[in-house]
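The values are calculated or read from the model by the stated rules, or taken from the named source; none is laboratory data. Treat the numbers as computed from the prediction; the structure is a model and nothing was measured. Positions of Cβ are generated from backbone atoms using ideal geometry, with glycine treated the same way; all protein chains shown enter the neighbour counts. Note: accessible area is taken over every heavy atom of the protein model, side chains too, but ligands, DNA and RNA are not part of it. Shrake-Rupley method; radii C 1.70, N 1.55, O 1.52, S 1.80 Å.
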Amino acid sequence: MDYQSYFRDALDALRGEGNYRHFAQLERCRGQFPKAICHNGGGEVTIWCSNDYLGMGQHPKVLQAMHAALDRAGAGAGGTRNISGTTNDHAILEAELADLHGKEAALLFTSGYVSNWAALGTLAARIPNVAVLSDSLNHASMIEGIRHSRAQKIIWKHNDTSDLELKLKALPKDQPKLIAFESVYSMDGDIAPIAEICDLAERYDAMTYLDEVHAVGLYGPRGGGIAEREEVMDRVTVIEGTLGKAFGVLGGYIAASDELCDFIRSFASGFIFTTALPPTVAAGAAASVRYLKSSSDERHIHQNRVAKVRARLTEIGLPHLDNSSHIIPIIVGDPVKCKYISDLLLAEHAIYIQPINYPTVPKGTERLRITPSPVHSDKDIDQLIDALEMLWTQCKLARRPAAA
């Protein structure tokens, strides 16, 4: 077999479909986020698609904690948590996270992807005869964890509790069950009916596994996510989150009972056999979590910025998905045009928005995913709206009728 030809042909096919991904080489400017330098074109740009939703990756308290930990403990963790990599910074961060979600314990992983893959995969593989009921739009990390477990998998229609109940009813009453779902879905920005799902879980004796990665830090009085905002954290068996989005650093975690976290710690290969997060990262994340527990200013400003961008898009008729979250998907519906608009935004307007094409979203729903932050200024918003209006006209894309 000519392996290189095979690789080349597969990549050419991606290019032909408009789904090949180019990476902009961005260097964020400390203290100036959302500004960055694009080293392979564009010069200074404004980032409009970052998952550092609150700009905490630039926050002085986070940077100060990381500098202090570097000076105190050095660079690396020294190995896996089981051998030589559990540090005091890891223990402090896990305590902060357990407190954030009102749980007995928390367990750190190297990323949100790994936490889902390892925790879901271990629960589904180890609980005898368990059936995992997975929302149809769950993240790839959840899907891979469930698939890896080889447990019985049942997919229910997205956010459809009637369909979920039908699936639960069809299972034997005494069969173990695990319902896996997200709070905020990252591509459409819609929000799960968590309380109703918990009602079903209690009715049918099922565990619940809630991915809050796009909600922690952003919602609830202390940033505990949608479950905290809706006062249902105590009803969810496992809450999974990330430290790499609104908290602005790196890592993933689960929060649950002492026994469940210890079970995952003891049996999950994705925890046991990987090097621990550096203490600098753990210290920075702990500072971010601690700060956002007590400060709601960033959350309030964030929601204001989101509302303003939505209103401006509506004024010019750009088709963005309506939802009650902070994620604003602008639907282009064509992979080539989506990539073309993204390229022109960068080259001609110094605006960075990565196109979202298949397989991340279904074909025909290609989009620009905009994530306003508290540090986007009115001038930034004006520049974004003006550029999008110009390019929408240039590409002859459909608009929504103006609201009456």
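Residues whose amide H comes within less than 5 Å of that of residue 135, counting only those at least five positions distant or on another chain, are 156, 180 (H built at 1.01 Å from N in the peptide plane).
Accessible area per residue for the stretch 170-216 in Å², computed with a 1.4 Å probe and the full protein assembly in place, what is it? It would help to have the intermediate numbers written out before the result.
Working: 1520 Å² over 47 residues.
Value returned for the stretch 170-216: 32 Å² of accessible area per residue.
Under 5 Å between amide hydrogens, built in the peptide plane, is the criterion, and for residue 249 it picks out 244 among residues at least 5 positions away or on other chains.
For 7, 273, give me the order by solvent-accessible area with a 1.4 Å probe, most accessible first, ignoring ligands, DNA and RNA. Let's see the in-between values first.
Working: 7 105, 273 160 Å².
Putting 7, 273 in descending order of accessible area: 273, 7.
Can you check what the net charge comes to around residue 304, using other residues whose Cβ is under 14 Å from the Cβ of residue 304 (Lys, Arg +1; Asp, Glu -1)? Could you put the intermediate results ahead of the total?
Numbers: positive: 299, 305, 308, 310, 312; negative: 297, 298, 378, 380.
Net local charge, residue 304 excluded: +1.
Karplus-based coupling profile of the stretch 237-253, in residue order and whole Hz: 5, 10, 10, 10, x, 10, 9, x, 10, 4, 7, x, 10, 6, x, x, 6, with θ = phi - 60° in 6.51 cos²θ - 1.76 cosθ + 1.60 and x standing for Gly or Pro.
Checked against a 21 Å cut-off, the cross-linked pairs 35/337; 363/396; 35/379; 103/169; 337/396; 308/379 give Cα-Cα distances beyond that limit for 35/337; 103/169. Electrostatic bookkeeping for residue 254 treats Lys and Arg as +1 and Asp and Glu as -1; over the other residues with beta carbon under 11 Å from its beta carbon, the sum is -2. Here the extension length gained between residue 44 and residue 144 equals 32.3 nm, from 0.36 nm per residue of separation less the Cα-Cα distance. In the chain, the portion of solvent-accessible area held by carbon and sulfur atoms comes to 53 percent [1.4 Å probe, whole percent, DNA, RNA and ligands not counted].
From the protein chains alone at 1.4 Å, what is the descending order of accessible area for 254, 155, largest first? Spell out each step's value before the answer.
On the way: 254 0, 155 95 Å².
Most to least solvent-accessible, the answer reads 155, 254.
Let me spell out the model: positive unit charges on the Cβ of Lys and Arg, negative unit charges on the Cβ of Asp and Glu, origin at the Cα centre of the stretch 139-206. What dipole size does that give, in debye rounded to 20? Please report the intermediate quantities before stating the final value.
Values: 9 positive and 12 negative charges, 91 e Å.
Around 440 debye, computed over the stretch 139-206.
Couplings for the stretch 10-24, taken from phi via the Karplus curve 6.51 cos²θ - 1.76 cosθ + 1.60 with θ = phi - 60°, read 5, 5, 4, 5, 4, 4, x, 7, x, 10, 6, 9, 9, 9, 7 Hz in order; Gly and Pro are left as x. Helix 378-394 and the longest principal axis of the C-alpha atoms of the chain enclose an angle of approximately 70°.
For the stretch 255-271 versus the stretch 23-92, the inter-centroid distance based on Cα atoms is 27 Å. Relative to the dominant Cα principal axis of the chain, helix 297-315 is inclined by about 40°. When peptides 203-212, 303-312, 286-295 are sorted by average Cβ neighbour count within 10 Å, with the highest value leading, the order is 203-212, 286-295, 303-312.
For the stretch 4-76, just say rounded, prolate or oblate: build the C-alpha gyration tensor, square-root its eigenvalues into a ≥ b ≥ c, call rounded for a/c under 1.5, and beyond that prolate if a/b exceeds b/c, oblate if not. Don't jump to the answer; show the numbers that get you there.
Values: a/c = 3.22, a/b = 1.95, b/c = 1.65.
Prolate shape, in that a/c is at least 1.5 and a/b is the bigger ratio.
Sorted by mean Cβ packing within 10 Å, highest first, what order do the peptides 131-138, 38-45 take? Walk me through the numbers on the way to the answer.
Numbers: 131-138: 21.2, 38-45: 14.2.
Descending packing order for the listed peptides: 131-138, 38-45.
Note on residue 71 and residue 316: the extension gain reaches 83.1 nm, defined as 0.36 nm multiplied by sequence separation minus the Cα-Cα distance.
The Rg/Rh ratio for the stretch 147-295, using Cα coordinates for both the radius of gyration and the Kirkwood hydrodynamic radius, is 0.98.
Computed from Cα atoms, the angle from the helix 88-100 axis to the main principal axis of the chain rounds to 80 degrees. Could you check what % of the DSSP bridge pairs in the chain are antiparallel, to the nearest 5? Counting only bridges with both partners in the chain, antiparallel ones make up about 55 percent. Per-residue packing, averaged as other Cβ atoms within 10 Å, sorts the ranges 325-334, 12-21 into the order 325-334, 12-21, beginning with the highest. Taken one residue at a time, the phi angles of the stretch 332-342 give Karplus couplings (6.51, -1.76, 1.60, θ = phi - 60°) of 9, x, 8, x, 5, 5, 4, 5, 4, 5, 4 Hz. Gly and Pro are set to x. The alpha carbons of the stretch 186-230 stretch over 31, 24, 14 Å along the principal axes, in descending order.
In the stretch 283-404, the ratio of gyration radius to Kirkwood radius, Rg to Rh, stands at 1.02 when only Cα atoms are counted.
In the neighborhood of residue 131, defined by Cβ-to-Cβ distances under 13 Å, what is the net charge if each Lys or Arg adds +1 and each Asp or Glu adds -1?
On the way: positive: 150, 153, 167, 169, 173, 177; negative: 174, 205.
Summing Lys and Arg as +1 and Asp and Glu as -1 gives +4.
Entry note: the chain has Rg to Rh equal to 0.97, where both radii use alpha-carbon atoms and Rh is the Kirkwood radius.
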